[in-house]
Amino acid sequence: MPEASAKPAGVPLGTQTTKTQQQKGKDKNSAGAQEAKAMRKAEKAARRAAKVSELGKSSTPPQEAIALARVQSQTKQSRAASGTSNAGSVGGGSSNSVVNATASSAISSLTAQSTAIHGSDILDKRVGLFKHLEITRRSGTADAAKDIHPAILALTLQFASYTVIGSSARCRATLRAFQTVIKDYRTPVGTTLSRNLTNHLSRQIDFLKTARPLSITMGNAIRWLKQEISVVSIDVSDDQARESLIEKIETYIRDKIEVADRVIVQSAVKHIGNGDVILAFSRSAVVEQVFLEANLRGIEFSVVVVDTRPFYEGKEMVRRLARAGLKCEYVLISGLSYVLNDITSVFLGAHAVLSNGQLYSRVGTALVAMSAKRKNIPVIVCCESIKFSNRVQLDSVTFNELGSPDDLMNISIDSAPKPGPLKNWRDLPNLKLLNILYDLTPPEYIKKIVTEVGSLPPSSVPVIIREYNSA
Amino acid sequence: MIKSASPRSVYDTDIMAPLETSPWTQPPDSGAAEGFDIVATYRKFLDEDPDMTMPVAAIESLVVLLSQTEPTTASELMDTLAKAVTELKRGVKNSISLSAGCDMFQRFVLRNIQEYGDWEACRRHLVKNGGLFLERAKASRYKIAELGLPFIQDDDTILIHSHSRAVTELLLLAARRHIRFRVYITESRPTGEGLSSAKTLRDNSIPARVIVDGAVGWAIQKVDKVFIGAEGVAESGGIINRIGTYQIAVLAKDSNKPLYVVAESHKFVRLFPLSPFDLPNESPNASTFTTEPEDDEIQSSPLLDFTSDNLITALITDIGVLTSSGVSEELIKMWYD
């Protein structure tokens, strides 16, 4: 997608190039329909303009008018391609609309309504090293195909607005949505459930991906679910098949996330002793539960929550811990070296653990782990085995996720957005903002990974993946 | 009837239990297995055979228990075993390597129960194969010696710590194969076990020199490689061993000398300490401070320390020469089904 839309910004506005550009754009199917519509509108406008010029005996040849109209349609096309769903509704009239759109996008908040990415301007504003990463962030569901289930539409918006955040939570929400999808699914005549449902789900998943890339947990769960669907016997009635699939998903959620979390908590809590000062970074649901459990067991310890912009996820954690009566300290990552002196151990959550032992987690984790290692403080990662990935990655550049750069501009510390000094960053030609979401922590910094199948060093991740696949 | 074999059940067994409840101070539970004193049996095995290691003696005592008791159901059997293991761990000081053997045997029994439908046949099979299990455990030391032989070369200067049967076995085999080498041995306070190592080696005409523990830093320059035994090999591939091992490992790492751990695979234990303070604390006095002079201060000094995996070059075991991550792989395979 970005390739198609990246070009118009750079090419000189000539009829010939515009045409080929549009031809290219047509190949990309999702933008195709809107683009064709815009084309028709633009040509109509051009014919009108030609008529006017003829009436007014103007010297402007109709050819030029058509070219002008095409340029307009092209700007619209690029906007449509970059995921702004309401591009079609922008009037085909003046070319000023592009400028207007840019201005109106200056403040974008974390809420679902915000349109984060606008047209080609954002593409020029991408940081060179990370240009290969897609910015996919949807703001509406107007362009959804009609076979996308409402549960998926809702979930997509929740993902896009970071209302549902965290890889376990996203996985669980996805599976629950799939349960609804499967419940409402009816096999079309002339096909079987085991063949058709997979396709149906794939379309739902493709739509989910327009909000954010799939998390590793979701990828693992989807792979499992598709496998389960494919082995549904054709002799089983649809009702039975649906019921058993829903049941299986329920078991999967329970075993892989809920029970797994409980086992991890029971095991990790043994690392907290009286008088400990534990550092946690950002927010992890499991780590939070570990602390609450330790508190329930009457262990006297305190927690330092290190947080980071732009999500401030740690706030939620510190709020919950404080409410449970724990002694907490809250500091931003810039104050890390200051608090590190008193820390006895570091607890981290994970987005994923790769098979070379690298921990893929919220950006800033690597910094925390490295600083802890430097002070010889043990770093313990709490992670369900569903987060283990077969992938190998050596740096956090090749694969990552980009958030909206506008999130960095927002200096508000509560939910209401407030633009800071960077408000006009789009107008500064030499300024680019990078809002990267994850980083990679090398295995040397990690002492131990606590999973539901036991505690292991990072080097043993591939063993678990292999034993699981063979089992 | 039979305990579920999901990965979780592994975790729920009592492997970690001693750490949190610290049962060392509690009096032993007398009513575990009527008329059979597991601790006494265990001690007898150790006394009778100086070559016997703690995990093997523990397994042997459990096999005896199995042949003497008449449990009627599988769960009763597991229960009896679990009780005996707890009693044994309570009754014996320094129970880490012992618990490795117990855990392994419990695992072995559990697996066999699942395989056999017929209960009586299962029990007979267990008693018979328990013996086989023991034979294998005992033979492993000789296998290790064969596997470790290529690591010793002519004109080597070797440093060993304290006394380890596996290391001694390896060195004796190397001498029998006409490899000529010298050995530095640490005195290993407070037990002084290094002296007995020196005697064994010299009796077998291996030139040896005993140094005090503090002299390792002096000797390490002249040492080519370090061989160390282990009380237990943790899940990370780190080792739990006689006090002083950690500092030797740090010194070896600093001077880039390879450090090999020589240990039987039945010493692999499902523990994952991050520091020596995660081990059962048998010398609580050592972490308190006083201004008063104390008489038995040296005696209350700790006996075990933990050496983390990054300081270990390789582990020479009966299932092959492993890296640290290889150990955790073996442990996962052993416990995962």
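Annotations
- Checked against (1) surrounded by 20 or more Cβ atoms within 10 Å (Cβ to Cβ); (2) free of Cβ contacts under 8 Å to residues at least 60 places away in the same chain; (3) within 19 Å of A:Lys448 (Cβ to Cβ), A:Ala241 passes all but condition (3).
- Single residue of A:Glu228, A:Glu250 found to be in the same structural domain as A:Thr198 (by TED's automatic domain parsing) and at pLDDT 95 or above: A:Glu250
- Test: residue in the stretch B:201-208 that is assigned to a helix (DSSP H, G or I), under 18 Å from B:Ser325 (Cβ atoms) and either assigned by TED's automatic domain parsing to the domain that holds B:Gly101 or at pLDDT 95 or above (or both): no
- Flag for B:Lys225 being within 16 Å of the chain's Cα centre (by Cα) and more than 14 Å from every other protein chain (Cβ to nearest Cβ): no
- Applying the criterion of at least 3 residues that are at pLDDT below 90 and over 22 Å from A:Tyr438 (Cα atoms) to the helices (runs of 4 or more DSSP H) found wholly in the stretch A:105-192 leaves A:119-124.
- Residue within the stretch B:226-243 that is among the basic types (Lys, Arg) and either buried (at least 21 other Cβ atoms within 10 Å of the Cβ) or not assigned by TED's automatic domain parsing to the domain that holds B:Gly194 (or both) present: yes
- Subset of the stretch B:297-310 (residues that are under 25 Å from B:Gly192 (Cβ atoms) and either surrounded by 13 or more Cβ atoms within 10 Å (Cβ to Cβ) or modelled with pLDDT of 90 or more (or both)): B:Ser300, B:Ser301, B:Pro302, B:Leu303, B:Leu304, B:Asp305, B:Phe306, B:Thr307
- Residue satisfying all of: in the stretch B:88-109; of a type outside the set (S, T, N, Q) and within 18 Å of B:Ser67 (Cβ to Cβ); surrounded by the fewest Cβ atoms within 10 Å (Cβ to Cβ) among these: B:Phe108
- Just so you know, in the stretch A:436-463 the residues that are more than 7 Å from chain B (Cβ to nearest Cβ) and under 20 Å from B:Arg270 (Cβ atoms) include one that is surrounded by the most Cβ atoms within 10 Å (Cβ to Cβ), and it is A:Ile449.
- Test for B:Thr168: is it assigned by TED's automatic domain parsing to the domain that holds B:Ile319, touching a residue at least 40 places away in the same chain (Cβ under 8 Å) and hydroxyl-bearing (Ser, Thr, Tyr): no
- Any hit, the stretch A:251-258, residues being over 27 Å from A:Val363 (Cβ atoms) and in contact (Cβ under 8 Å) with a residue 60 or more places away in the chain: yes
- Among the residues of the stretch A:240-272, the ones that are among the aliphatic types (A, V, I, L, M) and more than 14 Å from chain B (Cβ to nearest Cβ) come to 5 in all.
- Within the stretch B:1-98, helices (runs of 4 or more DSSP H) holding 2 or more residues that are modelled with pLDDT of 75 or more and more than 25 Å from B:Ser300 (Cα to Cα): B:38-48, B:54-68, B:74-91
- Some residue of the stretch A:303-310 being assigned by TED's automatic domain parsing to the domain that holds A:Leu367 and either of a type in the set (D, E, K, R) or surrounded by fewer than 16 Cβ atoms within 10 Å (Cβ to Cβ) (or both): yes
- Residue check, A:Asn376 touching a Ser or Thr at 6+ places or on another chain (Cβ under 9 Å) and part of a loop (DSSP other than H, G, I, E, B): no
- The selection criterion, being assigned by TED's automatic domain parsing to the domain that holds A:Glu444, closer than 22 Å to A:Leu437 by Cβ and at pLDDT 95 or above, holds for A:Val379.
- Qualifying position, being without any contact (Cβ under 8 Å) to a residue 24 or more places away in the chain, farther than 15 Å from A:Ala350 by Cβ, away from every other protein chain (no Cβ under 14 Å) and surrounded by fewer than 19 Cβ atoms within 10 Å (Cβ to Cβ), among A:Pro417, A:Pro421: A:Pro421
- Residue under evaluation B:Val233, criteria (1) within 15 Å of B:Thr323 (Cα to Cα); (2) modelled with pLDDT of 95 or more; (3) of a type in the set (Val, Ile, Thr), criterion not met: (2)
- Filtered by the rule that a residue be under 21 Å from the mean Cα position of the chain (by Cα) and outside any helix (DSSP H, G or I), the stretch B:174-200 gives B:Ile185, B:Thr186, B:Glu187, B:Ser188, B:Arg189, B:Pro190, B:Thr191, B:Gly192.
The values are calculated or read from the model by the stated rules, or taken from the named source; none is laboratory data. It should be emphasised that the depicted structure is a prediction, and the values quoted were computed from it without experimental measurement. Positions of Cβ are generated from backbone atoms using ideal geometry, with glycine treated the same way; all protein chains shown enter the neighbour counts.
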